[in-house]
Amino acid sequence: MLYIIKNLGKGKIGLGERQVNAESLILVEKDPVIQEFSTRLKNQTLIAANWIFNAATGLWEYEFPHVEITVNTELDLTPLNESLEIVNAAEISPLATPLAGKVLLYAKKQPTGNINVNILITKVQDYVV
């Protein structure tokens, strides 16, 4: 979807039916390409026993496999309400490492139970401007 912005003169622009100051406009953009390449996995379970301690990093790691995960994906993991206490206690990192066919998740402490999450997998391509 492309938004057409109309210049109304005198530092004003039109965006749909609204007027805003041109000076306050940062960027208005919606990228349908990203939306077309997203996959949402609902109510996925991260099994407590599958977290492995990495002595080199001092972190607990979890490999979540999925065929659509590549090095060019971004992942958003949202823990479900019933798993929030476990996530907070384990200090699970919001950062993850996508690899071919899987993603590595990290925690400072070993999770004490299974964690239910929703996962959004988005294929991305970096552009140099």
*Computed from the mean reciprocal separation of all distinct C-alpha pairs, what Kirkwood hydrodynamic radius does the stretch 33-123 have, in Å?*
13.3
*asked:* Output wanted: per-residue J couplings in Hz (rounded whole) for the stretch 73-78, from phi through Karplus 6.51 cos²θ - 1.76 cosθ + 1.60, θ = phi - 60°, x for Gly and Pro.
replied: 10, 10, 10, 10, 9, 10
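No lab work stands behind these numbers, since they all come straight from the coordinates. Just so you know, these numbers come straight off a predicted model, no measurement behind them.
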